[in-house]
1. Please name all residue pairs, on different chains or six or more residues apart, with Cβ atoms under 9 Å, provided the first residue is in region 373-387 and is modelled with pLDDT of 70 or more and the second residue is in a helix (DSSP H, G or I) and of a type in the set (Gly, Ala, Ser).
2. So which pairs qualify, if the first residue must be in region 27-40 and in contact (Cβ under 8 Å) with a residue 12 or more places away in the chain and over 15 Å from Ala90 (Cα atoms), the second must be not in a helix (DSSP H, G or I) and not charged (D, E, K, R), the Cβ gap must be under 9 Å, and the two must be at least 6 apart or on different chains?
3. Looking only at region 340-372, count how many residues are surrounded by fewer than 21 Cβ atoms within 10 Å (Cβ to Cβ), within 24 Å of Leu308 (Cβ to Cβ) and either of a type in the set (A, V, I, L, M, F, W, C) or free of Cβ contacts under 8 Å to residues at least 60 places away in the same chain (or both).
4. Kindly list the number of the only condition in (1) at pLDDT 90 or above; (2) buried (at least 19 other Cβ atoms within 10 Å of the Cβ); (3) of a type in the set (Asp, Glu) that fails for Asp219.
5. Scan region 248-265 and tell me whether some residue there is surrounded by 17 or more Cβ atoms within 10 Å (Cβ to Cβ), within 30 Å of Lys379 (Cβ to Cβ) and free of Cβ contacts under 8 Å to residues at least 24 places away in the same chain.
6. Looking only at residues in region 25-69 that are modelled with pLDDT of 80 or more and charged (D, E, K, R), which one is surrounded by the most Cβ atoms within 10 Å (Cβ to Cβ)?
7. Leu70: within 22 Å of the chain's Cα centre (by Cα), on the phi < 0 side of the Ramachandran plot and touching a residue at least 24 places away in the same chain (Cβ under 8 Å), yes or no?
8. Can you list residue pairs whose Cβ atoms sit under 6 Å apart, with the first residue in region 104-126 being closer than 19 Å to Ile268 by Cβ and touching a residue at least 60 places away in the same chain (Cβ under 8 Å) and the second being of a type in the set (D, E, K, R) and crowded, with 17+ Cβ neighbours inside 10 Å? Count only pairs 6 or more apart in sequence or on different chains.
Amino acid sequence: MAIYFIKEANLNDFQLVILGTIFEITIFLGEVPTGVIADVYSRKLSVTLSYLLAGVAFLITGLSTPFALLALGAVVWGISETFLSGAREAWIADELTAVTPEISADQAFISGNQYSLAGRFIGVWAAFGFSFISLRASILAGAVAFLILGVVYLLLATEKGFHRAPDHTHNFGDLVQTLKDGFNLIKTRAALVAVVLTTMFVGFSSEAMDRLWQKRFLDSFPLPTLFNNPEGIWALLQSGVMLGTIIVLAIVNRAKTELPPLKILQIILGLVISIAAGMIVFGWAEIFPVVICAFFAVRIARRALDPLIKAWLNRRAESNVRATVLSFAGQAHSFGEILSGPVLGSISQVAGFRWAMLASSALLLPNIPILAHRIKVVKANPDEKSD
């Protein structure tokens, strides 16, 4: 969508990042309340609302280019993300327990992410097809797809594994109590704290890369076309990320069993290091193939990180607060992006993109010793389950 903002709305570096910051502020404010709603009322309802609101957000964005209306679209999209984050993963984990207990949540999240990436791969090329009409047509096609998905999910999805607590009266007190239970669970378990901090540091470092990578290519290199369409390069890059992530997750999940805690942490640490190093190369390299490789390293590592973090959190959160715990992690990520986004956008606008990438990498570095310490603890206590 960033290329639409650049070419159709003519946004500069700072405006692109601020638009992302508005999106993340919305997520930060709504993440935990919507996660609590999913834990107290219905996870299926929460996911359905997410898809429908995403369709509305894409409609607003595709039908307008003034910055104020694009900001409104970002707010609605952020709200839709809060209804999805945590609720979908908690719904999956509970449905597996109720319907197919022989499948581990780890396996389901990693395999599910691979199917999601395959869907994104198809979506990227569908959007490229619509771009022959206009970039706006691609956005509006996405809006229609989200609205259809919301209706299909409402009609066909089951919710056999979710059971409301018998003493829940569906009032505000239930929401507050679930919020407290989720926070207390994270606070008392170092295994959860380490991974929630990981999401926050990734958030600190990600905003400039997320919002400005396409502008980096446009400003630095003459880009090839595909079928005489200048938007083809974005389809090639995005689909390459999808395929690369599918391969990485297939390697991680090749045993088709629940991953040992030590292995999950080691993979997470390796991905974090790849992101930090890749951003420096992406920002500073001047050779096009090297920049392409760095881009793939960062984007693939970021996408592969997500299902591993969710698997770790799901394994250590009880069902009654699972969506809330996952939402806390999402909120930590948004908090990081909110704090760093305007700063990184200003650095890119004033000093240049490469300095923003260097700063982004530096913001991720404190996470490395945190994960290394956690790995040391797990090695010393290989049978730990919940500390």
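The values are calculated or read from the model by the stated rules, or taken from the named source; none is laboratory data. All values derive from a computational prediction rather than experimental measurement. Heads up, the Cβs are rebuilt from the backbone with ideal geometry, glycines too, and the neighbour counts pull from every protein chain shown.
1. Going by the 9 Å Cβ cut-off, the qualifying pairs are His373/Ala194; Arg374/Ala190; Arg374/Ala191; Arg374/Ala194; Val377/Ala190; Val377/Ala191; Val377/Ala194; Val378/Ala191.
2. Ile27/Ser85
3. Number satisfying all stated conditions: 6.
4. Asp219 satisfies every listed condition except (2).
5. no
6. Out of the qualifying residues, it is Arg43.
7. The answer is yes for Leu70.
8. Close Cβ pairs satisfying both conditions: Phe109/Lys310.
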